[in-house]
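Colleague: Could you have a look at this structure, given as structure tokens, before my questions?
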Amino acid sequence: MAEEIPSPEARLLEEVQSLGVEDILALCYAFQHRPERLRLYLDILRKRGGERAQFACCLLCFDLARQGDPIFQKEFAYLADTVRALSTNLVLVSALVGSDPYLRFLWELCQAQLELADPRFAVEPAAEATPVEAIEVELLSDDDFSPDFGISIDERAIHQEFEEAVEAFLGSEIDMPIYDPEAGFRLRHDRDVERIERFLRALDSFRAVVPLARSFRALTLLFYGTHIRSKGFFGGINQRKQSLLREGVAEFVTSGPSLWEILGVLGPLHASADVWEKISDVLADYVRWCVAAPDLAVQDPTAYDPVGRMLARQPLVGNRRQSGRE
């Protein structure tokens with residue numbers, strides 16, 4: 001029986017596996033910087049332990065991400081903190097990057113990208129998941145339940161929970177003149193991100209019963225969306241911001257009239273001075289878009305491109321366009 005001849009890729013894997021981390025990293029860029037070759041070497045390095053292999057993996061992942069690979073763009077966003085930690089070991093970085101012009105250039109690009117990352121988010125907000133085909137399920141209807149089925153809603157308790165959630169978000173206590181100057185509509189660090197996300201989850205559960213919960217949800221979504229970066233880690237539209245602003249506009253369209261009942265919470269006790277300015281800018285732009293594109297506006301705000309239009313307006317407001325952050 002004839003001996004099976006290994007494929008060129010298998011032979012290459014066998015040869016490369018015996019090399020050191022520095023040699024593999026240098027080999028990545030010794031010839032043409034082909035993405036498929038980088039992925040091959042990255043797979044080999046991932047099977048090795050230690051900080052040297054880990055740093056080399058991060059650098060290759062960054063290179064593939066900056067070339068436009070969406071999988072590695074998402075992966076590098078999760079690796080950002082790891083790269084920062086490893087980069088404090090200057091001896092390790094110097095040994096791996098060395099004097100190779102391209103590796104030094106790549107590492108400088110990586111450092112610059114890390115400096116632009118939003119420190120308030122542990123991981124860059126993820127893009128919306130790709131919709132999957134839904135399975136049709138026959139749901140129960142009102143006819144399936146008898147009048148005495150026994151399900152009741154304690155609206156008083158729900159309203160009480162809603163008020164407690166609002167007070168917790170605003171940093172105050174019911175019937176107590178105590179206010180936390182770090183709470184409310186402020187987004188300065190990762191603790192604020194957790195606090196806002198928690199409030200939005202609570203509002204989502206209350207909005208079917210408590211009308212004002214929808215008003216608070218509209219305001220909070222618009223506040224949150226206007227206070228995160230317009231561009232993602234590698235320069236594309238931040239889809240998390242896009243989703244937040246569209247949801248906020250849609251909720252405003254539904255609950256706009258009652259929103260004016262709660263605008264007092266945007267006073268200096270609970271919000272920074274520019275919060276309403278940024279929210280009203282989005283709402284005014286949405287109205288302008290509705291006038292300019294009535295055929296699209298009659299559908300719903302999903303056709304509205306708040307981030308793209310915001311970026312187009314940024315030359316009028318100084319140098320914020322460069323940072324991609326509102």
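The values are calculated or read from the model by the stated rules, or taken from the named source; none is laboratory data. This one's a predicted model, so the numbers in the text were calculated from it and none came from an experiment. With ideal geometry, Cβ positions are generated from the backbone for all residues, glycine too; neighbour counts draw on all protein chains shown.
Colleague: Consider segment 251-277. How many of its residues are crowded, with 17+ Cβ neighbours inside 10 Å and not in a helix (DSSP H, G or I)?
Modeller: Going through segment 251-277 one residue at a time, the tally reaches 3.
Colleague: Looking only at segment 194-215, count every residue that is of a type in the set (Asp, Glu) and either touching a His at 6+ places or on another chain (Cβ under 7 Å) or within 22 Å of PRO257 (Cβ to Cβ) (or both) and tell me the total. So that I can check it myself, show each step before the final result.
Modeller: The initial filter retains those residues of segment 194-215 that are of a type in the set (Asp, Glu), namely 194, 197, 204.
Applying the additional criterion that residues be either touching a His at 6+ places or on another chain (Cβ under 7 Å) or within 22 Å of PRO257 (Cβ to Cβ) (or both) yields 204.
Residues that pass the stated criteria total 1.
Colleague: Touching a Cys at 6+ places or on another chain (Cβ under 6 Å) and over 22 Å from ALA165 (Cβ atoms): does that describe ALA297?
Modeller: yes
Colleague: If I ask for residues that are assigned to a helix (DSSP H, G or I), of a type in the set (Ser, Thr, Tyr) and either farther than 12 Å from LEU283 by Cα or in contact with a strand residue (DSSP E or B) (Cβ under 8 Å, 6 or more places away or on another chain) (or both), which ones from segment 211-250 would you list?
Modeller: SER215, THR220, TYR224, SER243
Colleague: Which one is nearest to LEU92 (Cα to Cα) among residues in segment 20-60 that are surrounded by fewer than 19 Cβ atoms within 10 Å (Cβ to Cβ) and of a type in the set (Gly, Ala, Ser)?
Modeller: The extreme case among them is GLY50.
Colleague: Sticking with this structure for a sec: In this structure, is THR302 over 24 Å from the mean Cα position of the chain (by Cα), part of a helix (DSSP H, G or I) and surrounded by fewer than 17 Cβ atoms within 10 Å (Cβ to Cβ)?
Modeller: Against the criterion (over 24 Å from the mean Cα position of the chain (by Cα), part of a helix (DSSP H, G or I) and surrounded by fewer than 17 Cβ atoms within 10 Å (Cβ to Cβ)), THR302 does not qualify.
Quick grid of which residues meet (1) modelled with pLDDT of 90 or more; (2) in contact with a His (Cβ under 9 Å, 6 or more places away or on another chain); (3) over 21 Å from SER230 (Cβ atoms):
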{"site": "GLU251", "(1), (2), (3)": "yes, no, no"}
{"site": "THR254", "(1), (2), (3)": "no, no, yes"}
{"site": "VAL265", "(1), (2), (3)": "yes, no, yes"}
{"site": "PRO268", "(1), (2), (3)": "yes, no, yes"}
{"site": "VAL275", "(1), (2), (3)": "yes, yes, no"}
{"site": "VAL287", "(1), (2), (3)": "yes, no, no"}
{"site": "PRO294", "(1), (2), (3)": "no, no, yes"}
{"site": "LEU311", "(1), (2), (3)": "yes, no, no"}
